[in-house]
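All remarks here apply to the structure that follows.
The values are calculated or read from the model by the stated rules, or taken from the named source; none is laboratory data. Because the structure is predicted, anything quoted here is derived from the model rather than measured. With ideal geometry, Cβ positions are generated from the backbone for all residues, glycine too; neighbour counts draw on all protein chains shown. Surface areas here come from the heavy atoms of the whole protein model, side chains and all, with no ligands, DNA or RNA. Shrake-Rupley method; radii C 1.70, N 1.55, O 1.52, S 1.80 Å.
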Amino acid sequence: MRKLSFGLGLTLWSYCLWRLSIHLYARTLIGVWFASLFLVAASLPSFSSPGTRQHHLRRGDFVIVVAVSLVFILINTLHMGSWYFTVIGDEYAFWQMAHMVARGDQINFFTQEGAYGIVPAASSYYQAAIMTVAGVNYYGWKLSMILIVAVSFPFLYFIAFRLFDRPVAIVSVVICAMSHYIWAYTRTGYSNIESLFPTLASVALAFAAIDTASPRRFYLAGVFAGFGFYTFYSSRMTIGLVIVLVLLARPRRIITRGLPPMLLGFVLTLTPLVVISRSRVVTDMLTRSVTAPDSRISISVAAHIATNLANTITPWFYNSQTGPYVSGSLLDPLTASFLAIGLVLGVTELYQLRWQFLFLWILMAGVVTGGLSQYFFTSVSRLTYLVPPLSIIAGVGVVWFAGRIGKQFPQHRTVPVTITAVLLLVSAANVYRFFWQSPRVLPAWPIFRAPDCPLNFRIISFWWTSAAAAPTAASTPSRSSPKALPSNWRNRSTSSGEFWPRM
């Protein structure tokens, strides 16, 4: 039966490639392709080898993750229709592509020439799928960004649980869900935030596969790593990350048992994209990296990468750069303090494989999001891709700190109380920064007072000035009737120049 399933899966996959290669695309090929991946997965054995380590989650773990995800969804739907979150300007190419897919336009799912001709069309297909259910409108579009992050939290929880323990997993997922930078990116409309899902899913499945020596789970880890090529470029490093994880695994027989099915899943997933877009799968990435012709003036590639990689690390703790809907450091001051503790602990325990993997994860993610940037600076908003591993390390710092407090007061339930207090303070710090501090920092920029200030920035400056005077009425516009613009807004000068760092 397994041989039949494997053969049928490869047959459907080959049929899909043949149709794509002769330019006979139809939407039915999407279902054929997913069916082929499923049939191959079903043909592979799923078992636990004797002596492998099992990590079982309890019902309470699922309750915690669901609760955190629901809170995250609630926070990110607040004021989603506000004028403040509709002013970047270049995000609407993503909306237009998703809207075209939702209304039935024949856009090739497997092409990389989606939004702006560089973002894979599959990203827009996902957004269109959510819009079809939630509404083919602004709210359905932005909701797709929120949901893909929310469904990533169970994978992050399992990774932290697998690397450390339950308290670290709880703290990590809460810190990540409360990140004001992630809140900002769910509201931009850019597809960058989608890259979190395939990476976290692939790493979690790779850990589960190592625990059980399951070829099926290794295969699925490769499939999700391949999905990373169907969204923004950051997650394309996922296949390298999970290969590193397997190479670090113990016992060593995991390498020979795990890599073949993992690479099989990756190849079966990636190949249709290569058949359609061919060399653009690579060249489009290069044109938006340090190899771009206009990225360097007089310094070497190595110096450019080193400088930007340093600029990727410092914003964790301090950052004067601003971005779409966000300001300040990547992590709030309290989380950054516990991250520092966790980093020190990690350096002292670097001989442990879990810390080696975490630091390699941060290094690889930092290189692709910051080090390889074509600009002479690192756009901090792109560093949302780094938030999950940094959250895990900060979680280690929180649990260590709570443990030290617990030793001083062993007769009380000091550890859980301390952890709860820290998480409440972290949440409050991010709420303050996102909903209070950033909206008052951004309109104060000199750009808003310049004669050639773009129209959309003038609108938001006016809106938030009004919001500060009457926050209740101005900050909660209705879906059908957003806050009225000033009567002379059409007469104000406009500019086509960009100010905010782009995706």
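In region 333-417, carbon and sulfur make up what percent of the accessible area (probe 1.4 Å)? Kindly include the intermediate steps, with their values, before the conclusion.
On the way: 2520 of 3520 Å².
Result for region 333-417: 72 percent of the exposed heavy-atom area is carbon or sulfur.
How large is the charge dipole for region 1-156, taken about the Cα centre, if only the Cβ atoms of Lys, Arg (+1) and Asp, Glu (-1) carry charge, to the nearest 20 debye? All intermediate terms of the calculation are to be shown ahead of the outcome.
On the way: 9 positive and 5 negative charges, 135 e Å.
Value, rounded to 20: 640 debye.
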Worksheet item: How far is the Cα center of region 378-448 from the Cα center of region 98-122, in Å?
Response: 37
Discussion item. Could you give each residue of region 147-155 its phi-based ³J(HN,Hα) in whole Hz, using Karplus coefficients 6.51, -1.76, 1.60 with θ = phi - 60°, and x for Gly or Pro?
Written reply: 5, 5, 6, 4, 6, 7, 4, x, 5
Worksheet item: With every protein chain present, what is the per residue accessible area of region 135-245 (1.4 Å probe, Å²)?
Response: 16
Practice prompt. Apply 1/(1 + (r/R0)^6) to the Cβ-Cβ distance of A67 and R440, taking R0 = 35 Å, and write down the FRET efficiency to the nearest 0.05.
Written response: 0.70
Worksheet item: For the pair A421 and Q408, how long in nm is the line joining their label points, each one 7 Å along Cα→Cβ?
Response: 0.9
